[in-house]
Each structure stands twice: as structure tokens, then as C-alpha cells.
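Novice: This is the structure I have questions about; it appears just below.
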Amino acid sequence: MTFLELAKSRYSVRKFTDQKVEKEKLDKILEAGNIAPTAKNIQPQRVYVIQSEEALKKLSELTPCVFGASTVILLAYDKQTEWTNPFESEKGIHSGVEDVSIVATHMMLEATEQGLGTCWVNYFPNSKVEELFDLPDNEKSVLLLPVGYIAEDSKPTANHESCKSLNEYVKYL
């Protein structure tokens, strides 16, 4: 499978089976995130693997977007170690969200390669999730990534394959 074929086959899965993700597959997903490039290779990402029934139940009380997954990866970043644009340190780019986004994308694509599904979730109360899982004050949660086996009746949303044409957003300067 080519990279474009892999990327096109991945979609936001919103219904998982109750089958547990094998440790070998999860390890490959975590490794894919670990090799993701970050600003200046500072690696401010923090990864929390949520798998216990108790933790998943508590998380499900805060968001409907666990979708029955047996594993949810909480991705956060350390605000004290993220790269900051030296030209505009107050108002410029801080890399934490971008770094975590790159890590999550690597994880999602590796999960697809492993025959698993994922869904990027931002629909949750960040501060409550940070409190629930006792994240340090210097860490900011960015997304939840449910991971698991795709339910038979799961399918991409109707607009999954709808894309703007390149000339609508690409400008050559």
C-alpha cells in the first residue's frame, strides 16, 4: 500500500468493538509517535495510555467521544519545554500543540497500518480531564485518541472523501 492509499483509508472511527488492542500493536503505535519530529527535537509531548475499565468509565462521563474503544491515548505537552519562537516569544508560535499534532498523526497512521481505527477527539473539557488524570500543572492536554478494532457497521462520514481542489487553497508565490 502506498502512503496516499494508507492516508485515504484512514477515517475517524466512531464505533469500536470491545476487543482489546494487543500490546505489540500498541507498542508500534507508541513508537510511531516517539519518532515523530518535533520543533528542535525538544519532544514536549506527554502520552497517557488509558485502558483500565475504571479510567475509561470516568473519561466516558466527561465526553461521549470514547466510542467504546478499549484504549484511549491522551496527548498533552509540557508548557515549560515546548519551543517558543525567539522573534516573538510572547505572541509568536509556541510548538506544543503542533508537536502533539505531529505525534498524533504518526500514531493514527500506524494504527491504520496495524488494522486498527482511531478518532481525533477535541470534544472534552480539557481542565477536567487534566484533573481526572492528575496531570502536572505544566502540562496541557490537546486531544484524546480512541484506538481499537473497528466495529463491522462503522463507516466514514458522508463527507469523508470530499476535498477541496488544490487550487482552492494552494498558492504559488
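Novice: Using a 10 angstrom Cβ neighbour count of at most 11 plus a DSSP loop assignment to flag exposed trypsin sites (Lys or Arg not before Pro), which longest range of the chain is free of such sites?
Specialist: Working: sites that count: LYS91, LYS164, LYS171.
Here the longest segment lacking exposed loop sites spans 1-90.
Novice: Any idea how far the Cα center of the stretch 1-46 sits from the one of the stretch 77-131, in Å?
Specialist: 13 Å
Novice: For every other residue with a beta carbon closer than 11 angstrom to the beta carbon of ILE50, add +1 if it is Lys or Arg and -1 if Asp or Glu, then tell me the sum.
Specialist: Numbers: positive: LYS57, LYS58; negative: GLU53, GLU54.
Summing Lys/Arg as +1 and Asp/Glu as -1 gives 0.
Novice: Let me ask something else about it. Can you sort CYS163, CYS119 so the residue with the fewest Cβ neighbours within 10 Å comes first? Walk me through the intermediate numbers first.
Specialist: Numbers: CYS163 10, CYS119 22.
Ordered from fewest to most neighbouring Cβ atoms within 10 Å, CYS163, CYS119 come out as CYS163, CYS119.
Novice: Let me ask another. About the Cα centre, and with charges only on the beta carbon of Lys, Arg (+1) and Asp, Glu (-1), how big is the dipole of the stretch 3-153? Nearest 20 debye, please.
Specialist: Working: 16 positive and 24 negative charges, 52 e Å.
So the dipole magnitude of the stretch 3-153 works out to roughly 240 debye.
Novice: Any chance you could run the full-extension gain for VAL49 through ILE93? It's 0.36 nm times the residue separation minus the Cα-Cα distance, nm to one decimal. Display every interim value, and only then the final one.
Specialist: Numbers: separation 44, 0.36 × 44 = 15.84 nm, distance 2.78 nm.
Net length gain for the segment: 13.1 nm.
Novice: Continuing with this model, one more query. Residue farthest toward the positive end of the dipole of the chain, with Cβ of Lys/Arg at +1 and Asp/Glu at -1: which of CYS65, HIS106, SER9?
Specialist: SER9
Novice: Would you kindly state the longest site-free stretch of the chain, with sites defined as chymotrypsin sites (Phe, Trp or Tyr not before Pro) in a DSSP loop (not H, G, I, E, B) surrounded by at most 12 other Cβ atoms within 10 Å? Before the final figure, lay out the partial values.
Specialist: Values: sites that count: PHE87, TYR123, TYR169, TYR172.
In short, 1-86.
Novice: Given C-alpha coordinates of the stretch 41-108, what is the ratio Rg to Rh with the Kirkwood estimate of Rh? Spell out each step's value before the answer.
Specialist: Details: Rg = 15.0 Å, Rh = 13.6 Å.
Ratio value, two decimals: 1.10.
Novice: If exposed GluC sites (Glu not before Pro) are those in a DSSP loop with at most 13 other Cβ within 10 Å, what is the longest stretch of the chain that has none?
Specialist: Working: sites that count: GLU22, GLU88, GLU90, GLU152, GLU161.
Excluding the exposed sites themselves, the longest stretch runs over 23-87.
Novice: Still on this structure, please answer the following. Pairs to check: LYS40/LYS128; LYS25/LYS164; LYS58/LYS91; LYS23/LYS58; LYS15/LYS58. Give those whose C-alpha atoms are more than 27 Å from each other in this structure. Before the final figure, lay out each step's value.
Specialist: Details: LYS40/LYS128 31 Å; LYS25/LYS164 34 Å; LYS58/LYS91 36 Å; LYS23/LYS58 23 Å; LYS15/LYS58 18 Å.
Violating the 27 Å limit, Cα to Cα: LYS40/LYS128; LYS25/LYS164; LYS58/LYS91.
Novice: While we're here: Take every Cα-Cα pair in the chain and report what % of them are more than 23 Å apart. Could you put the intermediate results ahead of the total?
Specialist: Working: 6725 of 14878 pairs.
Everything past 23 Å amounts to 45 percent.
Since every read-out is calculated from the coordinates, none of them should be taken as a lab result. Values in this document were obtained by computation on a predicted structure and should not be read as measured data. Neighbour counts are summed over all protein chains in view; Cβ atoms, including those assigned to glycine, are modelled from backbone coordinates with ideal geometry.
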